[in-house]
Amino acid sequence: MSDEVIEVTPITSQAPVVNEAAKKQLGFFDGNPKMIFVFGLVAGIALTYIGGDVLRGTAGPAAAAAPVAVTAKPDPTAPAATGKLAAVTATDHVRGDLKKAKVVLIEYSDYECPFCSRHHPTMKQLTDKYGTDVAWVFRHFPLSFHPEAQPAANAAECANEQGKFWEFTDALYENQDSLSADYYGKVADQLGLKRSQFDDCVKTKKYQSVIDADTASGRAAGVNGTPATFVDGQLISGAVPLDSFTSLIDAAIAKLKK
């Protein structure tokens with residue numbers, strides 16, 4: 001609601017005098033004009049707030065369930081977006097075979113983002129559906145207002161050091177409500193990682209520079225929220241239905257066959 005001040009002009013007209021029998025037959029809108037005016041003003045303000053909530057998508061469970069992305073807060077120190085997506089390199093986390101893939105999916109994600117946990121199974125379905133025709137690249141984009149996003153990304157990189165990045169990542173999204181230092185250690189044990197090596201890596205934030213580089217590349221490509229997935233360079237923001245991806249992937253594959 002705006003800061004505009006609404007001036008209320010006093011009502012000076014006098015209501016007609018009626019007898020007691022007539023009063024009992026009067027409806028609400030036949031009453032005191034001042035009361036009617038005040039009621040209308042209050043009702044109007046209430047409707048304004050309710051309408052604003054609906055437009056903002058905060059009116060209830062139905063709105064909350066809509067597939068959207070979590071948007072990052074503006075960072076005045078971040079480099080300006082160039083619209084250029086960083087090329088995939090040997091340091092990227094890839095699920096699939098880049099040499100055989102006809103379509104490459106590059107995802108920027110946050111382990112604590114609720115929409116990312118909803119999106120993760122969709123990405124797994126895509127790799128299962130298309131097999132070697134699709135390769136999935138995962139990059140970090142932890143949002144500043146998610147306290148476990150950075151620690152989780154760091155722990156995942158430490159798991160990657162021992163060859164278990166994707167297994168660790170799957171576990172974090174499947175148990176997002178458990179994100180914590182204790183849980184990272186528990187997953188490390190379940191995956192058979194060397195705990196002393198893993199713990200030292202996590203404690204020293206060994207791969208913070210890798211996480212920062214991913215985030216910077218995302219911002220440069222125009223990412224401002226998670227999940228953000230590029231399908232052969234075309235950005236899809238949010239946890240959208242599977243069909244939204246298959247239509248693009250099918251079109252890209254068909255184009256290659258021409």
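The values are calculated or read from the model by the stated rules, or taken from the named source; none is laboratory data. Owing to the predicted nature of the structure, the values given are computational and were not obtained by experimental measurement. Note that each Cβ is placed from the backbone with ideal geometry, even for glycine, and that neighbours are counted across all protein chains shown.
For every residue, the table says whether it meets (1) exposed (fewer than 14 other Cβ atoms within 10 Å of the Cβ); (2) in contact with a Lys or Arg (Cβ under 9 Å, 6 or more places away or on another chain); (3) assigned by TED's automatic domain parsing to the domain that holds residue 157; (4) on the phi > 0 side of the Ramachandran plot.
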| position | (1), (2), (3), (4) |
| --- | --- |
| 83 | yes, no, yes, yes |
| 109 | no, yes, yes, no |
| 115 | no, no, yes, no |
| 132 | yes, yes, yes, no |
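Can you find, within segment 213-258, the residue that is farthest from residue 112 (Cα to Cα) among those that are part of a helix (DSSP H, G or I) and in contact with a helix residue (DSSP H, G or I) (Cβ under 7 Å, 6 or more places away or on another chain)? Top of the filtered list is 253.
Report those strands (runs of 3 or more DSSP E) wholly inside segment 88-143 carrying at least 2 residues which are aromatic (Phe, Trp, Tyr) and touching a residue at least 12 places away in the same chain (Cβ under 8 Å). Lay out the reasoning, then the answer.
On the way: elements: 93-95, 103-109, 134-140.
Filter on segment 88-143 gives 134-140.
Within segment 230-258, being within 17 Å of residue 140 (Cα to Cα) and without any contact (Cβ under 8 Å) to a residue 40 or more places away in the chain holds for 235, 236.
All of (1) surrounded by fewer than 19 Cβ atoms within 10 Å (Cβ to Cβ); (2) touching a Leu at 6+ places or on another chain (Cβ under 7 Å) hold for residue 172 with one exception: (1).
Which members of segment 88-102 meet the condition of being of a type in the set (Gly, Ala, Ser) and at pLDDT 95 or above? Break it down into steps so the answer makes sense when it comes.
At the first step, the residues of segment 88-102 found to be of a type in the set (Gly, Ala, Ser) are 90, 96, 101.
96, 101 - these are the residues of segment 88-102 that are of a type in the set (Gly, Ala, Ser) and at pLDDT 95 or above.
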